[in-house]
Each structure stands twice: as structure tokens, then as C-alpha cells.
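Here the structure comes first, spelled out in C-alpha cells, and everything after it is commentary.
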Amino acid sequence: MPFYRLAERQKFIQKEWIIIFQHLQKSTMSQGFYHTASLLPDRVAQMFNADLYNGDNNGQFTWKEMQYRVEGIAGGLLSMGLEKKQRVAMMSTNSPYWTHADVATICSGGVLVTIFPTLSLNEVKYIVNDSECRYFYAGSHQILEKVLSGWDEMPSLEKVILLDMNYRANDSRIIGLGELIEVGKEYMKSHYQEYEQIWKSLTLPDWATILYTSGTTGAGKGVILTHNSLSERVDGTHKYFVQAGHPVDDRDLVLSFLPLSHIFDRMCSQWLAIFRGATIAYADSAATLMNDLQKYNPTWFSCVPRLYEKIYAQFNQMMAASPAKKKMFDWAYSVGEEALTYRMDEYGRYNMRSDYNLEARLPAGLRMKFKIADKLFAKVRALFGSRFRFSFSASAGIDPKLLRFFYVMGIPVLEGYGSTETCSATNYNPMYAAKPGSVGPEANGSNCRLAEDGELEVRGGLFIGYLNKPEEDAAAFTEDGWFRTGDLATVDDDGYYKIVDRKKAIICLATGKNVAPYKLESKFTTSLVVEQIFVIGDERNVISALIVPSFAYFIELYEKQNIVYDRSQLIYTEMQGAQVCIGAGQDFINQPILKEMIAENVRQVNETLEGFEQIKQYTIINHNFTEENGEMTPTLKLKKKFILEHYSDIIEAMYKRDY
């Protein structure tokens, strides 16, 4: 029997939760936190691996305990002189302390400025100086050293708070989190009423946070989000989820592993959980995701397409290693594909709700085969834990083929669309009507429309402007107040939107044809042999590409086939907690089998494209595009301008070849 019975959940929500939280509609973030803490003081708010935090609180905090921590940090900030609307930077990987500091800063009237933990010192200095941060949360000693090395070039900075409960500083510029909380508790003994007045007096128009855009074409822009921006999105999301048949409440648990520095996980995991009373579990790292799913048994999580693609690729590799298993799975999958059509309505939408009785809708013969096939699918579902209900996919488009794979398995992966400026998702596929290939209808309190040129425009839950960039503000909004997303889209008769590509990313061929790079790049997302691809063609006659092979796949293949290459040329780096090969010697990519397999992959993709869209020339390069070399943003978007500059000689050489 499913862990959640929809009828019971809806009954619970209608009679209890909606009544309890009715007055919280459009509350400030501080009001939302304190209401949950007072309503559910002894329920578990946070879970984490205590070994990573010196055994802190045995790996969990109740809402009451979390409130104490938040107030200790808030008191520490106020004792140092933090005033309303002043900025505090946060540069850290996800942790319970990240959330404590986020809530404490906002409740103190401050504005949290998030910084991806992988950014360079120059980027850190730009953000700190642009936003004039007084204080800085550092998530590790490595980040602390980075900040101190640029201290003299960040004149507004007064103190760095190291997120370590046991750290004791011998430098006046630094204070450990434990020290800060001790100071804060002492401060609160005589100033608690003043603090209470601060968080209660905050209003919806007050600033809450600033997040900097990735900056694929230059320096990032500081996006200002108010309490109203955040609250309107959380409230709209809750209402939409109730309508979609998968409401979130205090019996839920979300696994947080995507960077909280980005709006996606911060809103769709952290703040949604805080407002709904759900528990937040923190993954040890992104590399431990599959283990953490088993350990914490989340009911939902937020994810990006790249991780779903890796799960899919690893599964395919595992099946390919055993011909007998592959044959069995291929049979089961063909049965599952046929059964999936019975979830689909006349608009091509799939009902993935847990109360949808698929077996009862199948013909007798197919039903018998599906019962056998589903025993195999159940093993795949078990990888997501025993209480899993759904997961989000956003940040980039996900291949419809990949979504159907998960739907065949009975795993609801729900694609949405949003941005930092829209404070997370404005579109979302409801569980009862999910349409692969689209980002869903307007949702979560937003309205959408298309401009004459096809640009998607939205309103509801928006930012109020870019920090220190009034000229950018004017260009970002229409005269009647809709936000220009910069994304080209289409909408079907059913009201479902599909993102074509970034407006600035569209390639204009010399022949007058326009090509959307995303259409081509998405064809390779489930490839076993291609890790990354960058499409080129502006003012050229044909499309070309730079292709990065899947080093992990070919290393394993070379091992099996005893192919000799210079192993000393392999380059590894730590990526999300795991060692990943990101480069190799020229002899590695010159192996005939690698060239043949990539050529075949390109040929297959070209068969699905219009003539002018096809890749006529490509070059295989021997290293990944990475954030470290300036070719990728922290959110895994390729930086077109920088890649074109870095590879200009290779690109020119490609266009001198015959095609």
C-alpha cells in the first residue's frame, strides 16, 4: 500500500492544515518561520550526518531547537551592529547551518547575498563590493582563506563568520559560528523584545535576499527579492500543489543537495519545507545522492536534468554489462511502454498520481505481463527510497525520452521552468497531467504570455529590480509590468509552454536560417559517448560543434578492450564530492573506436534534424568545459562568449574543411 493515500492527505489538508495556515497567505518569511516553529515545536525540522558537524545535536534539530539556533545567530548579528537592509554574504555548500544563517539574517532585518562556493576570488570581490556586504558567512576553511586573501579589496567587509561550531578565532576579522551564537544568546538576554519587534515589523516590500545571475555573457547581476517575492511564490506553489494532487505538509521530508546558493533548491526545498512544516534532510554531498536517498527516505527532492541523465546512463551501462539482464529489461521496458499509453490522455499528458490505478485500466493480457515487468521496475523505484512521491526537474530542459523512461518505471519526475528573477518556478507539470517536452502550464501564482516575437513574459512572484543597474531594470519589464524572461517559447492549445532557447543563444546562419542550439544539444543528453557539446554557427553557412567525449565511459571501454593510452595524461578533479575525469591526452581521443562511436552518434542525431540544423563539422576536444577555466557557470550553463574566444583557432580551422 502506498505510504500516502491521497484521500487521507486531502482530508487532512482540508480540515487541519489549510485552516491552520490560512492566515499565513502572503506572510513575511520571518512570520512563516516563527509560525511553523510555534505550531510544531517538537517535530523534526532538520536531519543531517552528525559526523560532518562534530556530532552536533546528534544529527537533527526540532523546530524549537532550530529556533534557538536562529535566535543565537540573529542576536550575534545584531550585537555586531547589523541594521535593516544591510547585506550579509553566504558562501557555503548546503548544510543545516546554511538554513540557520539564512533565516537568522532575514529575521534580523538583513539581506542575505548568496555566493556559489565554487566562484573565484575575483567573482567574490565583485559580488561583495557591488552589494556592500558587512558580514560574510564562510562555509569552510578553504573559503575563509580565499576571503582573507582579498580582504583589502573589499572595504565594506567587517567580519567573516566561519560556519564551524568549534572554531575559536585568533584574528579579529573572524568569528566562529559557536562563538557568534554564544555572543548572541548573551545579547538576547536583554534585547529579545527588540529582536522580536524587528522580525514582527518586517513587511512584504522589505528586501529579503539578493542572488547574482550566472553571467553567461559577462558580470552577473544582483537580483533583489523581497519578502513579497518569496512569500507570493511559496503561497502560490502550495495552492498549485493542492490542485495538482500532491500537497506538501508536515509529514513530508525533502532531501536538499542542489546548491542553496541558487533559487531552485532554496525555494522548492528549503523555504517550501519551512512554510509547510516539512523536514529538511541535507545530503552529505551531491556525489552521495543515491546513498542519501536510502538513508533519509525523502518524499520529494529537486534535481537538474544532468543528474537524471547520469542515473539513466549508469543504468544502461549496468544492463549492457549482462546480456541476459539486458534482454529481460528490454522485454519489461517494451511492456512498460505499452502500459504507459494507458496513463495518457488525448492531449499527450500522463497521469502519474499514486492513486491512479494503472493495472485496472490494462487489458487482461497486458495486465499479466505488466505485473511481471513491474517487479523489475519496483527495484528501480526502490533506489529513490521507500517514501518517494515526486521530484522536480528544472534549471535546463530534460529530454522527453528520459522523462518517459522514468514514467515507465512509475517515477514521477515533474519538469518546470523559472529563473532567479521569477523567484523559482512559474510553470510546472502537474502530476495528474505531465507532458514530456513541455515545462507545463502557468503555475505557482504566476501568469504567462508570449510577446509578438515569441519571448516568454511572466508576472507574479517577481523580483523588484537589479541592484545598482537601473538601466537593466527598464529593459527587463514591459510597460504594463510583465517580466521579459529572455527565453523564446511556444504554447499549445492545452496551455502548456515549451522553451525553444535563450533569445540571445539563437544562431543566425549566413543563409538566413535560425537554429536553436538547445534543440541540437538536447539530442545528446542521454548519449553514452558524448559528455558535452557546444554548437557554433553564427554568420556561418553551416553548423559545427565542439564535442567532449565521456571520459568515464571510454576509460572503462579501453580497459575491457586492452586499448593502450597514456594514463598519466588523465586529469581528475573533485566534482560534487566525487573524483571525476575531466581531461586526457591527445592519444586518448585519437583512438579509432572513440572517433567511430562519436561519428555514429552525430550521424544518428543528424537524421532527426532539418538539413540546415545538421552538424556538418565537429572537433573532439580532450578536456571538459569547466567552471574553473571560465567556460561554464555554477549552474552548468556554457558561456558562449568565452568558449568562442578560447577555441577561435579550432573553430576557424573547422570552417576551412570541406563540408
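The values are calculated or read from the model by the stated rules, or taken from the named source; none is laboratory data. Just so it is clear, the structure is predicted and the values come from calculations on it, not from any experiment. Heads up, the Cβs are rebuilt from the backbone with ideal geometry, glycines too, and the neighbour counts pull from every protein chain shown. When the accessible area is computed, the model is the full protein with side chains, heavy atoms only, and any ligands, DNA or RNA have been set aside. Shrake-Rupley method; radii C 1.70, N 1.55, O 1.52, S 1.80 Å.
Here are the numbers for this structure:
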read-out: Crossing angle, helix 400-409 versus the chain [Cα axis fit, 0-90 degrees, rounded to tens]; value: 80 degrees
read-out: Length released on extending from H623 to I555, taking residue separation times 0.36 nm less the Cα-Cα span; value: 23.1 nm
read-out: Cα-derived Rg to Rh of the stretch 342-404, Kirkwood definition; value: 0.99
read-out: Cα gyration tensor shape for the stretch 408-464, rounded if a/c is under 1.5, else prolate or oblate; value: prolate
read-out: Cβ-placed point charges (K, R +1; D, E -1), dipole of the stretch 392-523 about Cα centre in debye, nearest 20; value: 600 debye
read-out: Zone residues, the stretch 247-286, relative to K295, backbone N less than 11 Å from point 7 Å out along Cα-to-Cβ; value: 282-286
read-out: Rotationally averaged projected area of the stretch 276-399 (alpha carbon convex hull; nm²); value: 9.6 nm²
read-out: Spin-label pair N166/S386, simplified geometry with 7 Å Cα→Cβ offset, distance in nm; value: 3.3 nm
read-out: Across K84/K125; K295/K637; K326/K560, pairs whose alpha-carbon gap is larger than 26 Å; value: K295/K637
read-out: Alpha carbon centroid spacing (whole Å) that separates the stretch 225-283 from the stretch 600-625; value: 39 Å
read-out: The chain: angle of helix 121-131 to the longest principal axis, Cα-based, in degrees nearest 10; value: 50 degrees
read-out: Å² per residue, accessible surface of the chain at 1.4 Å; value: 42 Å²
read-out: The stretch 94-231 shape via C-alpha gyration tensor axes, a/c threshold 1.5; value: oblate
read-out: Estimated FRET transfer efficiency when R0 is 41 angstrom, pair N514-E145 (beta carbons, to 0.05); value: 0.30
read-out: Per-pair calculated FRET efficiency, R0 = 22 Å: K371 and K325 via Cβ, rounded to 0.05; value: 0.70
read-out: Packing rank of 626-634, 353-361, 61-69, where each peptide gets the mean count of other beta carbons within 10 Å, highest leading; value: 61-69, 626-634, 353-361
read-out: Extension gain (nm, one decimal) between I563 and Q243, 0.36 nm per residue minus Cα-Cα; value: 109.6 nm
read-out: Largest-first principal axis extents of the Cα set of the stretch 514-591 (Å); value: 43, 30, 19
read-out: Alpha carbon centroid spacing (whole Å) that separates the stretch 348-420 from the stretch 546-571; value: 34 Å
read-out: Computed lengthening from D658 to L636, 0.36 nm per intervening residue step minus Cα-Cα distance; value: 4.6 nm
read-out: Over the chain, relative contact order from alpha-carbon pairs under 8 Å, at least 6 apart, %; value: 11 percent
read-out: Cβ-Cβ FRET estimate between S79 and I506, R0 fixed at 45 Å, reported to 0.05; value: 0.30
read-out: Candidate values [x] 26.3; [y] 32.8; [z] 27.6, label of the one derived for Kirkwood radius over Cα pairs in Å; value: [x]
read-out: Sulfur and carbon atoms: percent of accessible area, the chain [1.4 Å]; value: 50 percent
read-out: Cα-only radius of gyration and Dmax that characterise the stretch 186-274, units Å; value: 16.6, 50
read-out: Cα shape, the stretch 77-172, gyration tensor, a/c 1.5 rule; value: rounded
read-out: Between helix 323-340 and the chain: long-axis angle, C-alpha atoms, 0 to 90°, nearest 10; value: 70 degrees
read-out: Within straight-line cross-link reach of K64, lysines at Cα separation under 17 Å, skipping those fewer than 8 residues along the same chain; value: K185
read-out: Cα-Cα over 19 Å, subset of K401/K641; K310/K503; K310/K435; K221/K504; K327/K371; K325/K595; value: K401/K641; K310/K503; K310/K435; K325/K595
read-out: The stretch 237-285 - percent relative contact order, Cα under 8 Å, separation 6 or more; value: 42 percent
